[in-house]
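Just below is one structure, and these are the notes that go with it.
Taken together, the values in this text are just the output of simple stated rules run on the coordinates, not laboratory data. In this text, all values refer to a predicted model and were calculated from it rather than measured experimentally. Here Cβ is always computed from backbone atoms with ideal geometry, including for glycine, and neighbour counts include all displayed protein chains.
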Amino acid sequence: MSKYNKLPLTTLHSLLVNKEVSASQLVEDAISSMKEDPCFCFEVTCFEKARKQASKITEVKKEEFLKGIPFVCKDNFSHKGVKTTASSKILEDYVPLFDASVLQKLKKEGMILLAHTTMDELAMGGKGVSKNGITRNPYDLERIVGGSSSGSAASLALGMIPFALGSDTGDSIRLPASYTQTVGFKPTYGLISRYGLFPFAPSLDCVSYLTRNVLDASYMLSTLAFYDEKDFTCSHHKREKYQDYILQGRKKKRIGYLKEMLDNISSNTIREQFVSLLSVLEKRGYEIHSFSFGKELLENIYPCYMILSSAEALSNDATLDGIRFGPNRAKDARNYIEYMKKNRSIGFSSHIKKRFLLGSLSLDKNYRSTLFDYESKVRRLLVNRMEEFYQENDFLLMPSSFSAPEKIEDLNLNISSDRNFMNHLLTLANLGGYPSLTLPFMKEGNMPLGINITAPLYQDGYVFSLGQEIEDITKIKDCVVEVAR
Amino acid sequence: MKKIDQKVLQEQASRLLFDIDENQIEEICTDLNDFLSYIQEHDISSHLEGIEPLFYPVEKEKRKLREDKEKKPLSVSRALKNSHTKEKDYILLPRVVGEEDE
């Protein structure tokens with residue numbers, strides 16, 4: 001376990017400012033804990049580059065909040081000069097020629113990148129399955145940590161670093177956060193630049209991240225949310241000092257939950273704890289409302305997400321052909337079509353091929369009207385219903401997950417197997433572009449389980465404010481775990 | 001909705017420029033058909049009359065085009081850095097022009 005990097009960002013910053021620790025010491029502290037990697041968290045490390053950067057930092061001023069602090073990023077952020085593969089064979093040996101805008105910004109702020117973390121291949125999945133193995137949950141090595149930001153969640157939970165960058169397209173930061181007792185935040189779509197983030201489904205993708213507590217998360221949004229002209233989908237909406245929502249006690253008071261969600265929680269413990277939390281929030285002056293979304297509609301979240309994301313992914317990943325980059329496994333190809341076919345056949349796993357086939361079917365003229373066109377309208381219906389919800393409520397509150405993470409021996413990657421609508425409620429935030437935060441809440445047996453707050457567009461600050469209130473109630477924050485030997 | 005068969009999947013795969021292993025295609029076919037059945041079982045077409053598709057989550061915001069300023073592009077040598085076979089400023093590939101199966 002690291003000595004320093006298990007602490008939150010705010011504490012590390014104070015230590016650096018007061019010269020109680022140096023950037024080089026923080027980097028060595030992180031490296032010593034990362035070298036073991038009991039959960040398979042890392043695709044590639046860049047320790048020497050980090051050491052060089054740290055050695056140049058001799059002083060940290062009070063206003064330089066992130067300077068000298070180590071972090072990791074998911075293996076789908078372009079990192080100039082460092083192999084970046086999105087945990088896929090199709091990008092083996094790919095070395096980006098530029099930095100993603102968020103990495104450039106963090107470097108400018110003095111943060112030190114140590115490694116790229118494991119993820120589901122090309123971010124398509126929620127189980128932490130990559131080309132080289134499965135990332136394990138530090139709370140129980142026989143279980144998954146969730147995905148696709150698996151290594152980011154596991155390494156933060158293990159106390160190796162205080163901040164981990166990832167991405168969230170369906171729940172890929174918020175579900176691993178739930179399973180690891182960490183804070184996972186997906187901002188409003190377009191607040192953070194996606195330039196340099198390998199695209200999966202561009203209408204759903206969000207740069208997202210993990211921290212130890214909600215205050216840290218609010219500070220990070222203040223740094224990462226900036227207008228970037230290189231990302232055409234980047235919002236022009238005014239950016240703020242999001243930590244002020246916590247520090248100045250800015251609040252909104254109407255909390256809603258889905259009636260269908262509460263009616264279908266199978267675990268008595270989870271239901272009781274959730275109802276108890278609502279009761280405490282009510283005593284603290286919040287209005288609590290039940291909202292009937294419509295079970296029929298909720299059951300359509302998953303197919304809507306799968307069809308639209310698969311169609312978008314198929315289009316984006318058409319560029320992965322082994323010509324400009326990627327492995328050359330087709331030296332004996334007779335023509336360029338055969339060349340691309342051989343590279344793509346070897347480069348993509350069968351799970352990815354399945355997703356592409358689904359995407360292709362959904363755009364095929366024989367199926368398009370009943371799949372892609374239909375689900376695009378379902379998306380509108382779901383978002384319309386959310387907007388009706390937000391007429392009466394400022395927040396949607398719910399447990400982030402309703403059972404412990406799957407055991408690795410029972411792992412099922414079938415698209416059709418996950419039919420329980422309760423497992424897909426977090427995706428509402430992606431379909432509508434809403435800000436959404438998962439933070440630690442309780443344990444079911446010995447496994448952590450988070451609580452999730454989702455709010456209307458651009459209400460990110462208020463999400464942090466309610467998150468901090470819940471932290472204050474549960475007293476669960478800054479959690480780290482040591483893997484049992 | 002028409003059930004898909006292995007022939008349909010092979011055609012799609014061919015268009016997507018990858019092969020599917022013989023021992024995987026049946027499993028993929030079953031899984032996709034099960035998923036499509038789920039969609040059919042939960043059909044809500046009756047609620048979609050007059051509903052426009054949603055392709056992008058933030059519709060109300062107007063996008064501004066950036067200024068058309070000339071910037072220094074990536075050099076050819078850097079752009080080709082990740083390619084395996086190259087000659088001077090070109091990527092080398094097997095034949096492009098001609099019959100595919102010749």
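Descriptive notes on the structure:
- Chain A: calculated mean residue ellipticity at 222 nm from DSSP helix runs of at least 4, using -39500 (n - 2.57): -11000 deg cm²/dmol
- Distance (nanometres) between label positions extended 7 Å along Cα→Cβ at A:Asn18 and A:Lys107: 3.3 nm
- A cut-off of 5 Å between modelled amide H atoms, ignoring neighbours fewer than 5 places along the same chain, links A:Val44 with A:His116.
- Nearest-0.05 FRET efficiency for A:Ser350 and A:Gln248, computed from C-beta distance (R0 41 Å): 0.20
- Debye-sum result for the range B:1-43 in log10 I(q)/I(0), which assumes one identical scatterer on each alpha carbon, at q = 0.20, 0.21, 0.33 Å⁻¹: -0.63, -0.68, -1.14
- Per-pair calculated FRET efficiency, R0 = 56 Å: B:Lys81 and A:Glu287 via Cβ, rounded to 0.05: 0.45
- Here the sum of -39500 (n - 2.57) over DSSP H runs of 4 or more residues, divided by the residues of chain B, equals -10000 deg cm²/dmol at 222 nm, to the nearest 500.
- Where chymotrypsin sites (Phe, Trp or Tyr not before Pro) fall in DSSP loop in the range A:61-113, at most 16 other Cβ within 10 Å: A:Phe98
- Average beta carbon contacts from partner chains per residue of A:343-352, 10 Å cutoff: 3
- Using R0 = 30 Å, the C-beta based FRET efficiency linking A:Lys331 and B:Leu74 works out to 0.65.
- Computed label-point distance, nm, for sites B:Arg95 and A:Lys241 using a 7 Å Cα→Cβ extension: 6.9 nm
- Mean separation of Cα contacts under 8 Å, 6 or more apart, over the residue count of chain B: relative contact order %: 15 percent
- Kirkwood estimate for the range A:328-389, i.e. one over the average of 1/r between Cα atoms, Å: 14.4 Å
- Beta bridges per DSSP, both residues in the range A:9-249: antiparallel share near 70 percent.
- Relative contact order of chain A, defined on C-alpha pairs under 8 angstrom at six or more residues apart (%): 18 percent
- Shape category assigned to the range A:133-184 from the gyration tensor of Cα positions, a/c cut at 1.5: oblate
- Values of log10 I(q)/I(0) for chain A across q = 0.11, 0.12 Å⁻¹ run -0.86, -1.03, by the Debye formula with one identical scatterer at each alpha carbon and no solvent.
- Cα→Cβ-extended label distance, 7 Å offset, between B:Asn33 and A:Asn316, nm: 3.2 nm
- Charge dipole of the range A:45-160 about the Cα centre (unit charges at C-beta), most positive-ward option of A:Ser150, A:Leu97, A:Asn137: A:Leu97
- Violating pairs (Cα-Cα greater than 19 angstrom) within the set A:Lys252/B:Lys62; A:Lys67/A:Lys105; A:Lys6/A:Lys475; A:Lys230/B:Lys71; A:Lys80/B:Lys72: A:Lys252/B:Lys62
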